[in-house]
Amino acid sequence: MRTDLYIDGQWCKPIKGGTFAVINPATEEIIHHAPAGTAEDIDAAVTAARRAFDEGPWPRLSGGERARYLRAIADGIRTCQAELAQLEVIDNGKPLPEADWDVADAAGCFDFYAGLAEGLDANGAEPIALADARFASRAVKEPIGVAGAIIPWNYPLLMASWKVAPALAAGCTMVLKPSELTPLTALEVGAIADDVGLPAGVLNIVTGFGMDAGQPLIDHKDVDKLAFTGSVPTGSRVIAAAARDIKKVSLELGGKSPFLIFDDSDVEKAVEWILFGIFWNQGQVCSATSRVLVQDGIYDRLLRRLVEETRKIKIGDGLATGTLLGPLVSKRQHDQVLSAIDKARSAGATIAAGGQRAPGFNKGYFFEPTIIINAPLDSDAWRQEIFGPVVCVRSFSTEAEAVALANDSRFGLAAAVMSADDERTERVAAALRAGIVWINCSQPTFTEAPWGGYKQSGIGRELGRWGLENYLETKQITRMTGKDPWGWYIK
Ligand code: NAD
């Protein structure tokens, strides 16, 4: 476990020398003291990134040359797959097979953006057909500059890779600020980048608290682009900082994602996708399937099966074999989920399964997988993101009613629909106001496909070619090909 910040190709202690405790959420033990970066370290990191961008080789390399570094980082991640997965479990709490999946995805993300970096060479200049034959224009893509990236704790390594890989592919340099709850694996990405010889200053990693390290990063004058994933209130601060200096900005925020299940659906398959949608990563997923709408005809049967299967889920330490649900990431998160359940009860909702701290654990932030029914439509349980293993289920009668209920949210990250009728699923997919719509499944996520939200769920898209665009500027280059100027002033 790393004790230093990674700035300008060097491992260094925070200038003020602080550290913060990293806690294993399954045992509540302090497992590490991570370096607590502050404004001074952020300034050193941004200065290094600025220099690497303005004077260093990185943005001037061909996409193909940058791709070689990205592929080497992908290989480096795979080489340490087992260690990284273990670190992720003791830091975040998730079950080991999920962490293993995340690490493989993170490596795949670097490989994917290596391919897109190569594509930048081939598709570098797009000719533009002008109506005026005296000029020839083309559009070229260039890196935005220094990117400041801030990530949350739910997928520490994967969220780092979703930002670092496209930024580096585009030719940007970056300062990455991981969550103070889960700093371990992002620092390992610094070590892997260092091992593959990434030029100094291209990637800088400063761990620390939001107000101490995150805020100075978003406020820094030499940062050209902010990429943020996290909560809506912090996202507002990021966009305010970006507005002040007209920085480019992309935001991936929260959600309250609905899953509409029509009564011609296979109930067993629907239950499996609900479980995957809400209990994977303890429900601490921005796109979690947190509102399930079931058509009247199968509501009772589906709810019975969902309750049965939910009660069977094995809760435990993420490192223990067979665990399907680990602890929540922190005491604060655990207490927030508990209080959301109490509020739901007070609002008149019924807890059909779970609803309390998991029994049988003296230590650790374990919470039972929970099903809420009869949550009033104006209750927080139905409207606010709980960010835990808690799903609200309610019935509907008609397609129009289901779509209206689904869209009645300030969020619009993801939605899902299940039916045997393909025409209906296409119609509903078109009507749902969300950036991602899954048909006959919920939550599968692909590096190649755009990821991001409508409404308060965010601005911009990550992943796929859209994720690369986040870090690119478009430049018009126009050449006069005719012989004479306009002749407006000089006849
Ligand atoms: P958070 O907003 O509290 O923190 C996110 C990051 O922002 C952390 O690194 C934190 O240190 C930093 N931060 C906090 N205050 C800051 C400030 N003033 N200036 C700059 N940085 C600051 O969110 P969280 O609790 O870590 O994550 C949970 C939230 O993230 C949920 O709401 C969830 O929906 C959202 N999320 C969204 C996605 C997505 O892709 N849309 C993915 C994961 C999580």
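Computed values, structure above
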{"item": "Subset of region 250-270 (residues that are among the hydrophobic types (A, V, I, L, M, F, W, C) and surrounded by fewer than 22 Cβ atoms within 10 Å (Cβ to Cβ))", "result": "V267"}
{"item": "Selection count where residues are buried (at least 21 other Cβ atoms within 10 Å of the Cβ) and either in contact with an Asp or Glu (Cβ under 6 Å, 6 or more places away or on another chain) or under 17 Å from L187 (Cβ atoms) (or both), scope region 24-43", "result": "8"}
{"item": "Lone unmet requirement of (1) more than 16 Å from the ligand (Cβ to nearest atom); (2) open to solvent by 10 Å² or more (accessible area, probe 1.4 Å) for A193", "result": "(2)"}
{"item": "Top-ranked residue of region 203-249 - restricted to ones that are closer than 13 Å to A45 by Cβ and open to solvent by 10 Å² or more (accessible area, probe 1.4 Å), ranked as farthest from the ligand (Cβ to nearest atom)", "result": "D222"}
{"item": "Scope region 461-481; condition in contact with a strand residue (DSSP E or B) (Cβ under 7 Å, 6 or more places away or on another chain) and surrounded by fewer than 19 Cβ atoms within 10 Å (Cβ to Cβ); matching residues", "result": "E473, T474, K475, Q476, I477, T478, R479, M480, T481"}
{"item": "Number of the exception - K94 against (1) in contact with a Gly (Cβ under 6 Å, 6 or more places away or on another chain); (2) within 30 Å of P327 (Cβ to Cβ); (3) in a helix (DSSP H, G or I)", "result": "(3)"}
{"item": "Enumerated helices (runs of 4 or more DSSP H) restricted to region 352-457, each holding at least 1 residues that are of a type in the set (K, R) and within 16 Å of the ligand (Cβ to nearest atom)", "result": "380-383"}
{"item": "Qualifying residues in region 92-106 (those that are of a type in the set (A, V, I, L, M) and buried (at least 24 other Cβ atoms within 10 Å of the Cβ)) - the one nearest to the chain's Cα centre (by Cα)", "result": "A106"}
{"item": "Of the criteria (1) open to solvent by 10 Å² or more (accessible area, probe 1.4 Å); (2) over 15 Å from the mean Cα position of the chain (by Cα); (3) within 13 Å of the ligand (Cβ to nearest atom), which one R138 fails", "result": "(3)"}
{"item": "Pair list, Cβ < 7 Å and 6+ apart or interchain, from region 448-459 residues that are over 18 Å from L158 (Cβ atoms) and charged (D, E, K, R) to residues that are open to solvent by less than 40 Å² (accessible area, probe 1.4 Å) and more than 10 Å from the ligand (Cβ to nearest atom)", "result": "K455/G412"}
{"item": "Tally of residues being open to solvent by 10 Å² or more (accessible area, probe 1.4 Å), of a type outside the set (D, E, K, R) and in a helix (DSSP H, G or I) across region 60-91", "result": "10"}
{"item": "Residues being β-branched (V, I, T) and away from the ligand (no atom under 16 Å from the Cβ) - total across region 458-477", "result": "2"}
{"item": "Among residues of region 321-351, those that are touching a residue at least 24 places away in the same chain (Cβ under 8 Å) and away from the ligand (no atom under 16 Å from the Cβ), counted", "result": "12"}
{"item": "Qualifying position, being in a helix (DSSP H, G or I) and either among the acidic types (D, E) or outside the structural domain of P156 (by TED's automatic domain parsing) (or both), among V329, V292, V337, V285", "result": "V337"}
{"item": "Unique residue being in contact with an Asp or Glu (Cβ under 9 Å, 6 or more places away or on another chain) and crowded, with 24+ Cβ neighbours inside 10 Å when the list is W162, W153", "result": "W162"}
{"item": "Residue in region 154-168 that is more than 21 Å from E83 (Cα to Cα) and either within 12 Å of the ligand (Cβ to nearest atom) or modelled with pLDDT under 95 (or both) present", "result": "yes"}
{"item": "Test: residue in region 287-301 that is closer than 21 Å to V146 by Cα, within 13 Å of the ligand (Cβ to nearest atom) and touching a residue at least 24 places away in the same chain (Cβ under 8 Å)", "result": "no"}
{"item": "Residues that are over 27 Å from G76 (Cα atoms) and part of a loop (DSSP other than H, G, I, E, B), drawn from region 110-149", "result": "N123, G124, A129, L130, A131, D132, A133, R134"}
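The values are calculated or read from the model by the stated rules, or taken from the named source; none is laboratory data. What you see is a predicted model, and the numbers here were worked out from it, not measured in a lab. Here the Cβ is made from the backbone with ideal geometry for all residues, glycine too, and neighbour counts use every protein chain on show. Please note that ligands, DNA and RNA were not included when accessible areas were found on the heavy atoms of the full protein model with its side chains. Shrake-Rupley method; radii C 1.70, N 1.55, O 1.52, S 1.80 Å.
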